[in-house]
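Student: Let me give you the structure first, and then I'll get to my questions.
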Amino acid sequence: MGDFRRLNDCVEPRARISGIPSRSRAFWLGVAIIAVACLVRLPTLTWYSVNFDEGASLRYSNEPYSELFAHLSDLSIDRHPLLYYILLKAWRGIAGDADMMLRLPSAFAGVLTVALLYGLGRRRLGSVSAGFAALLIAVSPLVVHQNQDARMYAQALMFAVLAMGTFWELLDEPRWTVAGVFCLALVLAGYSHVVAATLFPALGLSLIWHLLYAGVERRRVAVFGIGALSVSAVAYAPYVLSILRSGSTGNGTISLDAWLRTSLGAARTLIDYQTTLSFPGYGWCLLGLLSAVVVAAVYRSRKQGVTVALWLLTILGLTIFVTMRINLFQPKVFVFSAVPFALLTGLAALGESGSPKWYGVVPALAVAGLAIYGLSFQWQGSRQREDFRHTAQYLEERVTQRDTVVVHVSWARFAFGHYYDEDFVHPFPNNVDARTPVGDILQPYLDSDVLWLVQAGVDLSRPAGDPDRKVQRWLTERFPVVTAVFPSGVDVRGYATRYRFDALPDTATPLEIAYPNGLKLVGYRLPMRSLPSRDRWLHPPSTWVPVTLYWSVAQSWSADVDIAISLEDEQGNVWGGELPRTNDLRAFYAPRQWQPGEIVRWDFDVNTNAHIPTDKYKVVVRVFQGESGGALRHAGGEDWVVLDRICLR
């Protein structure tokens with residue numbers, strides 16, 4: 001009970017206003033900040049599609065518990081520690097695989113991170129400064145993004161905050177219970193994500209600094225601090241040794257230029273993660289703002305300011321170093337620097353007493369303003385990573401039983417398969433290069449009517465990925481393109497691997513529209529008859545209406561024809577036309593090559609006006625004789641054919 005009494009009593013006297021006890025004010029301030037954290041994270045938890053990396057979480061959490069525990073720290077299953085996958089596996093067994101359920105543990109960890117930061121931080125900085133820092137983390141776009149991701153970053157950050165807070169407590173009031181909680185939190189953070197291991201040197205440096213202020217308690221502080229860090233290091237050593245044995249320390253170039261570029265990127269990630277603000281020298285301005293916060297915080301509180309500054313500079317510096325070594329800038333790994341930066345920002349603005357000073361308030365307000373402004377960019381279509389959700393929805397409407405869906409690279413199958421319930425294949429390795437026999441691998445699927453190539457992760461840096469698009473190029477050189485749509489982070493292309501038929505496919509609607517030159521429209525297919533009037537996900541802002549036509553000819557001919565398809569209202573106003581493509585059927589099998597007795601498939605996309613009203617529209621086909629000829633009249637006497645009506649909602 002003594003610990004709780006000290007926790008409640010450690011509040012600033014100036015907080016008593018209007019007869020309200022300071023502890024009550026601090027409590028309700030914490031409740032308000034936690035409410036903000038919940039409101040920012042929970043309502044939009046399913047806005048993002050499960051992405052490429054979250055697919056890895058699904059894949060590894062499917063492993064048996066025996067495998068996950070046996071290889072917890074040896075890198076044989078994944079380069080990340082496996083603690084998160086173990087916890088996610090247990091959670092999935094209880095809650096299932098719905099998007100919200102997959103991400104709820106991360107969101108809960110994010111809210112708990114805010115609560116821990118406020119509760120532990122106010123014992124050293126006061127409730128006002130700690131509240132400012134917790135509010136920054138509550139609305140930080142960088143942190144919020146990770147709190148809405150089914151990955152280990154939210155969990156690791158929660159354990160990291162608990163480790164920082166309990167070590168802070170240990171330095172001022174060494175106790176066995178606090179030391180035990182610290183060791184457990186630090187080890188759990190390290191076994192959640194490798195970058196959390198930067199806490200070891202960061203906390204070690206802060207221990208050295210605190211020993212200067214320890215006074216008569218110096219020896220006890222040293223014993224507890226060094227002992228707790230040593231015990232944690234021993235528990236974490238197996239994973240570190242696995243990294244060293246596997247050679248997974250990277251081989252990127254370390255240079256002054258690389259340091260500057262990565263440091264500027266890190267400053268932007270911490271302060272302005274989402275906005276589109278940019279002007280010459282903007283990165284240097286953000287780096288200057290970060291420096292101003294650090295200097296102001298240290299000036300206002302030498303003991304606590306230097307402690308937190310050591311945390312920030314050590315964690316940030318080592319993260320920058322790791323980023324350069326692996327030669328891959330990943331903004332999310334800088335989330336561990338966000339907490340000490342938020343603490344410094346609160347300390348710079350309000351100090352330990354809660355009194356504002358202009359030289360700290362100005363940079364603090366700039367940081368807070370950019371964070372809040374950045375949230376307005378958080379849930380925009382362009383911020384999606386790999387939009388497998390809308391990819392799957394599109395293919396479910398387009399794909400027939402005679403088609404084959406090929407997912408490339410193979411790793412994308414886990415996130416894609418989370419949404420797509422039908423059969424698909426993933427025959428290619430994750431690394432496709434000049435030696436990969438693309439044709440041989442695709443041969444079993446070339447008897448399909450359409451081969452749908454779903455690409456995600458192909459632009460990964462070597463040795464992974466297919467940056468030269470060899471699979472796509474192989475198909476493009478041999479088959480007509482049916483369509484191509486581009487959900488965020490995903491490339492979907494349909495190839496008519498079979499476009500000459502002996503009979504009309506059973507998915508088509510039969511027609512008998514004969515033209516005097518021997519051409520006959522024998523069928524059509526409108527796979528999507530109800531679409532949104534404006535597209536947000538596949539090719540914004542215009543909706544594309546897919547149309548498949550089936551033709552035959554009565555005799556061989558040398559003439560050529562053009563096909564025009566329009567979307568018209570009942571008054572005859574045109575609201576859309578066919579989208580021209582250079583690699584459609586004409587490039588492979590032009591009309592003058594068609595032979596009697598066969599049925600030829602020709603695919604189109606009708607590109608609608610971006611401002612088209614919601615209504616029903618006619619899909620109208622016209623045939624033109626050559627490039628300069630007029631529209632041909634069919635046997636019915638008209639120069640147009642209305643296939644059917646579609647609804648734009």
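The values are calculated or read from the model by the stated rules, or taken from the named source; none is laboratory data. As the structure is a prediction and not an experimental result, all values here were calculated from the model. Note that we place each Cβ from the backbone using ideal geometry, even for glycine, and neighbour counts take in every protein chain shown. The protein model used for the area step is the full one, side chains on, heavy atoms only, and it has no ligands, DNA or RNA in it. Shrake-Rupley method; radii C 1.70, N 1.55, O 1.52, S 1.80 Å.
Per-residue answers, yes or no, for (1) closer than 27 Å to Tyr85 by Cβ; (2) open to solvent by 10 Å² or more (accessible area, probe 1.4 Å); (3) hydrophobic (A, V, I, L, M, F, W, C); (4) in contact with a helix residue (DSSP H, G or I) (Cβ under 6 Å, 6 or more places away or on another chain):
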| position | (1), (2), (3), (4) |
| --- | --- |
| Leu170 | no, no, yes, yes |
| Val178 | no, yes, yes, yes |
| Phe182 | yes, no, yes, yes |
| Phe200 | yes, yes, yes, no |
| Ser206 | no, no, no, yes |
| Tyr213 | no, yes, no, yes |
| Arg245 | yes, yes, no, no |
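Student: Checking Arg261 against (1) closer than 28 Å to Leu184 by Cβ; (2) surrounded by 14 or more Cβ atoms within 10 Å (Cβ to Cβ): exactly one of these is not met. Which one?
Tutor: Going through (1) closer than 28 Å to Leu184 by Cβ; (2) surrounded by 14 or more Cβ atoms within 10 Å (Cβ to Cβ) one by one, Arg261 breaks only (1).
Student: Can you list the helices (runs of 4 or more DSSP H) lying wholly within segment 114-178 that have 1 or more residues being under 20 Å from Leu199 (Cα atoms) and either among the polar types (S, T, N, Q) or touching a strand residue (DSSP E or B) at 6+ places or on another chain (Cβ under 6 Å) (or both)?
Tutor: Details: elements: 127-139, 141-147, 153-172.
Ranges flagged: 141-147, 153-172.
Student: A further question follows. Quick one: how many residues across segment 501-549 are in contact with a strand residue (DSSP E or B) (Cβ under 7 Å, 6 or more places away or on another chain), free of Cβ contacts under 8 Å to residues at least 60 places away in the same chain and more than 28 Å from Leu632 (Cβ to Cβ)?
Tutor: Residues that pass the stated criteria total 2.
Student: Tell me, please, whether a residue that is open to solvent by 70 Å² or more (accessible area, probe 1.4 Å), touching a helix residue (DSSP H, G or I) at 6+ places or on another chain (Cβ under 9 Å) and at pLDDT 90 or above can be found in segment 266-273.
Tutor: Step one: of segment 266-273, the residues open to solvent by 70 Å² or more (accessible area, probe 1.4 Å) are none.
For segment 266-273, residues open to solvent by 70 Å² or more (accessible area, probe 1.4 Å), touching a helix residue (DSSP H, G or I) at 6+ places or on another chain (Cβ under 9 Å) and at pLDDT 90 or above: absent.
Student: Name the pairs whose Cβ atoms lie under 8 Å apart, with the first residue in segment 33-50 and free of Cβ contacts under 8 Å to residues at least 60 places away in the same chain and farther than 23 Å from Leu116 by Cα, the second open to solvent by less than 10 Å² (accessible area, probe 1.4 Å) and in a helix (DSSP H, G or I), and 6 or more positions between them or separate chains?
Tutor: Listed pairs, sorted by first residue: Thr46/Arg103.
Student: Return the residues of segment 140-168 that are closer than 13 Å to Val40 by Cβ and open to solvent by 20 Å² or more (accessible area, probe 1.4 Å); say none if nothing qualifies.
Tutor: Across segment 140-168, the qualifying residue is only His145.
Student: What's the total number of residues in segment 624-649 that are touching a Ser or Thr at 6+ places or on another chain (Cβ under 7 Å) and not in a strand (DSSP E or B)?
Tutor: Counting residues in segment 624-649 that are touching a Ser or Thr at 6+ places or on another chain (Cβ under 7 Å) and not in a strand (DSSP E or B) gives 1.
This table checks each residue for (1) of a type in the set (D, E, K, R); (2) within 18 Å of Ala508 (Cβ to Cβ).
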| residue | (1), (2) |
| --- | --- |
| Pro527 | no, yes |
| Asp535 | yes, no |
| Ser542 | no, no |
| Val545 | no, yes |
| Val574 | no, no |
| Arg581 | yes, no |
| Leu585 | no, yes |
| Arg592 | yes, no |
| Phe604 | no, yes |
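Student: Considering Val322, Val295, Val335, which residue is surrounded by 18 or more Cβ atoms within 10 Å (Cβ to Cβ), more than 16 Å from Leu157 (Cβ to Cβ) and of a type in the set (A, V, I, L, M, F, W, C)? Walk me through how you get there before you give the answer.
Tutor: Details: Val295 fails: surrounded by 18 or more Cβ atoms within 10 Å (Cβ to Cβ); Val335 fails: more than 16 Å from Leu157 (Cβ to Cβ).
Unique residue meeting the criteria: Val322.
Student: Right, next: Counting just the residues of segment 298-307 that are free of Cβ contacts under 8 Å to residues at least 60 places away in the same chain and crowded, with 18+ Cβ neighbours inside 10 Å, which one comes out nearest to Arg123 (Cα to Cα)?
Tutor: Among them, the one singled out is Gly305.
Student: Filter segment 550-578 for residues that are open to solvent by less than 50 Å² (accessible area, probe 1.4 Å) and part of a loop (DSSP other than H, G, I, E, B); which is nearest to Lys616 (Cα to Cα)?
Tutor: Looking at the filtered set, the residue picked out is Asp569.
Student: In addition: Looking at segment 98-127 only, could you name the residues that are open to solvent by 20 Å² or more (accessible area, probe 1.4 Å) and at pLDDT below 95?
Tutor: Gly119, Leu120, Arg122, Arg123, Arg124
Student: Among the listed residues Gly360, Gly369, which satisfies the condition of being touching a residue at least 12 places away in the same chain (Cβ under 8 Å), assigned to a helix (DSSP H, G or I) and open to solvent by less than 60 Å² (accessible area, probe 1.4 Å)? Break it down stepwise before answering.
Tutor: Numbers: Gly369 fails: touching a residue at least 12 places away in the same chain (Cβ under 8 Å).
Just one listed residue meets the conditions, Gly360.
Student: Under the condition of being more than 16 Å from His145 (Cα to Cα) and under 20 Å from the mean Cα position of the chain (by Cα), which residue from segment 29-56 is most open to solvent (accessible area, probe 1.4 Å)? Can you show your working first?
Tutor: Of segment 29-56, the ones more than 16 Å from His145 (Cα to Cα) are 29-35, 55-56.
Remaining after also requiring under 20 Å from the mean Cα position of the chain (by Cα): 55-56.
Values: Gly55: 0, Ala56: 15 Å².
Residue satisfying both the conditions and the ranking: Ala56.
Student: So, one more: Somewhere in segment 525-547, is a residue of a type in the set (Asp, Glu), modelled with pLDDT of 95 or more and under 27 Å from the mean Cα position of the chain (by Cα)? It would help to see each step written out before you state the result.
Tutor: Filtering segment 525-547 for residues of a type in the set (Asp, Glu) gives 535.
Restricting the remaining residues to those that are modelled with pLDDT of 95 or more gives none.
No, segment 525-547 has no match at all.
Student: Determine whether segment 582-592 contains at least one residue that is within 30 Å of Trp47 (Cβ to Cβ), aliphatic (A, V, I, L, M) and within 41 Å of the chain's Cα centre (by Cα). Give the derivation first.
Tutor: Step one: of segment 582-592, the residues within 30 Å of Trp47 (Cβ to Cβ) are none.
Within segment 582-592 (the criterion being within 30 Å of Trp47 (Cβ to Cβ), aliphatic (A, V, I, L, M) and within 41 Å of the chain's Cα centre (by Cα)), the answer is no, since none of the residues qualifies.
Student: Quick check on my filter: what residues within segment 501-524 are part of a strand (DSSP E or B) and either more than 41 Å from the chain's Cα centre (by Cα) or surrounded by 18 or more Cβ atoms within 10 Å (Cβ to Cβ) (or both)?
Tutor: Step one: list which residues in segment 501-524 are part of a strand (DSSP E or B), which gives 501, 509-514, 519-524.
The answer is Phe501, Pro510, Leu511, Glu512, Ile513, Ala514, Leu519, Lys520, Leu521, Val522, Gly523, Tyr524.
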